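What follows is a set of notes on a single structure, which appears directly below.
Coordinate-derived values only; no laboratory data. Owing to the predicted nature of the structure, the values given are computational and were not obtained by experimental measurement. Using ideal geometry, Cβ is built from the backbone for each residue, glycine included, and neighbour counts are taken over all protein chains shown.
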Amino acid sequence: MTLTVDLLHRFPDFELRAAFQAPRGLTAICGPSGAGKTTLINSLAGTISPSQGYIEINQRVLFDSKQHINLPPQERRVGYIYQDARLFPHLTVGQNLQLGRWFRKLPTAPEKTEHIIAMLGLDGLNKRRPSTLSGGEKQRVAIGRALLSEPEYILADEPLSSLDLPRKLEIIPYFERLRDEMQIPIIYVSHHVEEIERLATTVLSLTGGQMADSIKI
């Protein structure tokens, strides 16, 4: 499964050009602040519309300016992992995990849920509220929520930036498992070299809205 991107987005004082293919595995997007990383990932998510170009996953068109195709986020089958977990405080861990499925109107899947809970080490947390969780536990719930939405690709927008070093070291092995076990592209935005060196199978660099050639690791 491959995510294919070729887009141009114009702002009054900035222009983003990005063209690449992200195969299964983890494609890291790196670059300084203001390089266009957030614009790129929001274009892939469907929360902003590029000025022109196209985005497709496994030959399924998500955006095509020429054909006037622009699927909304809920129809793109994308799992989004934010910088902070963004869990609903009034819901339990179990309910937060199921939100992606609920929004996509997917049927319950007890076996899949049990597998994700076991994979992310969330056993015993199902009935707890987010306020009782550590930062690392919250982020693992956020990863589980994205996976249970049955995505065709995952976007991770600096998912470790809000965590201290011990929590980062706790979460990184879970991203390694996602990279190795999931057969889908993972787009991982970060400016931390250590994370990229450990996790990435492909590295893309953005500078001033321009993308350099990809480096396959």
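Under the definition of Cα pairs under 8 Å and six or more residues apart, what whole-number percent is the relative contact order of the chain? Intermediate values should be presented prior to the final figure.
Working: 419 pairs, mean separation 69.7, N = 217.
It rounds to 32 percent for the chain.
What do you get when you divide the Cα radius of gyration of the chain by 2.2 N^0.38 Å, with N the number of residues? Spell out each step's value before the answer.
Numbers: Rg = 17.0 Å, N = 217, 2.2 N^0.38 = 17.0 Å.
Normalised Rg, Cα atoms only: 1.00.
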Next item on the list: Using Cα centres only, tell me the gap between the stretch 26-65 and the stretch 161-206 in whole Å.
Entry: 18
Margin query: Can you work out the Karplus-derived ³J(HN,Hα) for every residue in the stretch 193-203? Use 6.51 cos²θ - 1.76 cosθ + 1.60 with θ = phi - 60°, whole Hz, and x for glycine or proline.
Written below: 4, 4, 4, 5, 4, 7, 9, 6, 9, 9, 10
Check: Does anything in the stretch 81-109 have its amide N under 11 Å from the 7 Å Cα→Cβ label point of Arg129, and if so which residues?
Finding: 89-92
Checklist line | Gaussian network model of the chain, springs between alpha carbon atoms under 10 Å - residue of Arg77, Arg24, Arg129 with greatest fluctuation | finding: Arg129
Checklist line | Amide H contacts of Ile48 (H built 1.01 Å from N, under 5 Å, at least 5 apart or other chain) | finding: Ser43
Notebook entry, point to check: Out of Pro89, Pro173, Pro151, any idea which swings most in a Gaussian network model of the chain, alpha carbons joined below 10 Å?
Noted result: Pro89
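For the pair Ala212 and Phe103, what calculated FRET efficiency results from E = 1/(1 + (r/R0)^6), where r is the Cβ-Cβ distance and R0 = 45 Å, to the nearest 0.05? Mind dumping the intermediate values first?
On the way: r = 35 Å, r/R0 = 0.78.
Efficiency for this residue pair is about 0.80.
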Check: Using the Karplus equation 6.51 cos²θ - 1.76 cosθ + 1.60 (θ = phi - 60°), what ³J(HN,Hα) coupling, rounded to whole Hz, does each residue of the stretch 33-47 give in order, writing x for Gly and Pro?
Finding: 4, x, 6, x, 4, 5, 4, 4, 5, 6, 5, 5, 6, x, 8
Checklist line | aspartates and glutamates with Cα under 16 Å of Lys168, excluding same-chain neighbours fewer than 8 positions away | finding: Asp84, Glu137, Asp157, Glu158, Glu176, Glu194, Glu195, Glu197
Notebook entry, point to check: Which value, in debye to the nearest 20, gives the size of the charge dipole of the stretch 86-151 about its Cα centre, when Lys and Arg are +1 and Asp and Glu are -1 at the Cβ?
Noted result: 280
Margin query: If packing is taken as the average number of other Cβ atoms within 10 Å across a peptide's residues, how do 156-165, 119-128, 6-15, 38-47 rank, most packed first?
Written below: 38-47, 156-165, 119-128, 6-15
